[in-house]
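Q: Sharing a structure below in structure tokens format, with a few things to ask.
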Amino acid sequence: MQQPPVAHVEWSSRLAFILAASGSAVGLGNIWKFPYMAGENGGGAFVLVYLLCVLAVGVPIMIAEILIGRRARLNPMDAMGTLAAQHGRSGVWRWVGLAGVIAGVLIMSYYSVITGWTVAYIGKSVSGAFNGISGPQAQAVFEDFISDPLDLLLWHTLVLAVVLGIAARGVAGGIERAVQWLMPGLLVLLVALVCYGAATGGMGAAARFLFTPDFAALDGQTVLAAMGQAFFSLSLGMGAIMMYGSYLPRQAPIGRSALIIAALDSGVAIVAGLAIFPIVFGNGMAPGEGPGLVFVTLPVGFGQLPAGGLFAGLFFLLLLFAALTSAVSLIEPGLAYLTERTGRSRGQAVAIMGSAIWLLGIGTVLSFNVWSTPWLAGRTFFDAVDYLTSNLMLPLGGLAVALFAGWALPRLATDDELQLDTPRLRRYWRLLCRWVAPAAVVLVFLHAIGLLG
Ligand code: TRP
């Protein structure tokens with residue numbers, strides 16, 4: 001089989017990899033999606049299942065993705081294809097990589113639209129639109145905003161152009177430098193927000209909501225949603241982390257790096273929840289608000305602070321940067337696939353990916369206004385794309401990766417790649433990757449489609 005030539009750059013250090021991978025993981029998924037998913041799915045029980053999925057399913061699959069990427073040092077499709085060939089396995093494995101590329105395009109199509117909302121909200125914040133605003137007023141501002149398809153399309157187009165512009169120039173140097181500043185900045189602002197939440201007195205209710213599991217609220221769909229969110233938030237199941245892993249220097253321990261990334265990612269999600277729910281409960285809003293949750297609550301919270309408009313603007317700006325560092329990782333496997341497999345230039349690859357994403361994004365834009373009637377199995381276009389990717393494609397992609405690393409690759413090869421981690425960590429990983437993670441994904445699926453009580 002012919003191997004594509006890949007100029008293989010490396011991250012400048014292990015820290016650079018950890019920052020870039022957490023830059024991919026920490027994004028809209030933590031601050032926009034996690035709180036509203038927890039809100040819609042009953043709070044504590046969802047959070048508990050989510051954390052279990054991160055530990056027992058997410059971390060082992062993240063280790064598997066990094067390991068596969070670093071061993072092959074190729075884009076996901078060729079990484080899996082080449083390793084499969086090397087170890088006498090079926091060529092079918094390469095299609096897992098292709099499915100990942102498609103999932104990336106689908107996710108990016110709405111990721112770009114929602115990132116557009118954060119850009120619009122930077123402007124609204126600094127222009128003082130939220131000063132002293134009440135819950136219902138913030139709600140009205142948001143509904144008014146998403147009711148205009150042209151406006152949303154404009155922001156979607158702008159964001160996509162910026163992401164494609166970054167991608168066209170290549171990412172290693174740019175990403176590295178950006179995440180060094182943006183990740184710490186985001187953390188500081190989140191902590192400041194939590195302090196504000198604590199000061200306003202809603203913190204007790206928020207913590208109760210997030211940490212008191214009500215198991216009656218759990219059903220197959222909720223558990224599937226929690227698992228899907230774990231995959232989404234950790235950027236797993238589509239080859240993004242595999243791609244980043246392919247740039248990891250040989251002398252970096254994979255297992256411990258994955259643990260750090262997962263801890264950072266979950267930490268930011270929980271802190272975001274602790275920042276947002278005090279505002280929800282303190283202002284008599286509903287936790288099950290849906291995708292608008294952050295865009296309605298944060299303006300109310302900030303609007304009551306001195307210079308709140310400025311801080312709100314800063315917050316949405318940092319959310320934008322977090323989203324950009326994630327978006328770049330969503331399209332990177334697709335770009336690498338197009339340039340390496342079909343011999344197109346990076347510019348052409350950017351144009352192809354960009355057109356597909358832009359067109360699909362229109363569906364999401366319209367599903368918040370003129371096309372908001374449920375259309376596919378009770379879902380709007382946005383809901384359908386989100387469900388298909390987060391709840392189906394990512395867990396299935398992750399399952400395939402776990403089976404590949406746990407069963408198709410010989411132990412000698414995986415141990416060699418993980419040799420910098422302790423023997424105990426390696427043993428746990430193998431057990432989780434071969435049995436626990438695949439079983440969990442399969443059980444959750446059977447449960448969700450109603451085959452198991
Ligand atoms: N993890 C990012 C977030 O939480 C989104 C993301 C980036 C992603 N790359 C991905 C999701 C790859 C799934 C797969 O916002």
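The values are calculated or read from the model by the stated rules, or taken from the named source; none is laboratory data. Please read all numbers here as calculations on a predicted model, not as lab measurements. Heads up, the Cβs are rebuilt from the backbone with ideal geometry, glycines too, and the neighbour counts pull from every protein chain shown. With ligands, DNA and RNA removed, areas are computed over all heavy atoms of the protein, side chains included. Shrake-Rupley method; radii C 1.70, N 1.55, O 1.52, S 1.80 Å.
Q: Considering only protein heavy atoms, what per residue accessible area in square angstrom results for the chain with a 1.4 angstrom probe?
A: 37
Q: Right, another one. Taking Cα centroids, how far is the range 44-71 from the range 322-368 in Å?
A: Value for the Cα centre distance between the two parts: 25 Å.
Q: Just to confirm my numbers, what's the Cα centroid distance between the range 403-453 and the range 73-118 in Å?
A: Answer, in whole Å: 19.
Q: Let me ask you something else. Using only the alpha carbons, work out the radius of gyration and Dmax of the range 14-448 in angstrom.
A: In order Rg, Dmax, the Cα atoms of the range 14-448 give 20.8, 66 Å.
Q: Just to be sure I understand the model, the point goes 7 Å from the Cα along the line to the Cβ. What's the resulting Asp144 to Leu376 distance in nm?
A: 3.4
Q: Can you check how the C-alpha radius of gyration of the range 195-267 compares to 2.2 N^0.38 Å, as a plain ratio? Intermediate results must be reported in sequence, preceding the final value.
A: On the way: Rg = 17.4 Å, N = 73, 2.2 N^0.38 = 11.2 Å.
With N residues counted in the range 195-267, Rg over 2.2 N^0.38 Å equals 1.55.
Q: Under 5 Å between amide hydrogens, which residues at least 5 positions from Arg379 or on another chain qualify, with H placed 1.01 Å from N in the peptide plane?
A: Residues meeting the criterion, in which the H sits 1.01 Å from N, do not exist here.
Q: Assuming R0 = 45 Å, what is the FRET efficiency of Arg424 and Arg346, from their Cβ-Cβ distance, to the nearest 0.05?
A: My answer for the efficiency is 0.60.
Q: Also: Carbon-plus-sulfur fraction of the accessible area of the range 14-448, 1.4 Å probe, in percent?
A: Carbon-and-sulfur percentage of accessible area, whole number: 68.
Q: Name the residues of the range 22-37 whose amide N is less than 20 Å from a point 7 angstrom out from the Cα of Val162 along the C-beta direction?
A: It comes to 22-33, nothing else.
Q: Residue by residue through the range 230-240, what is 3J(HN,Hα) from phi via Karplus (6.51 cos²θ - 1.76 cosθ + 1.60, θ = phi - 60°)? Round to whole Hz and write x for glycine and proline.
A: 4, 4, 4, 5, 8, 6, 9, x, 9, x, 5
Q: Additional query: Please work out the Cα center distance from the range 14-41 to the range 224-299, rounded to the nearest Å.
A: Cα centroid to Cα centroid, the span is 3 Å.
Q: Given only helices, namely DSSP H runs of n ≥ 4 each adding -39500 (n - 2.57), what is the per-residue ellipticity at 222 nm of the chain, to the nearest 500 deg cm²/dmol?
A: -23000 deg cm²/dmol
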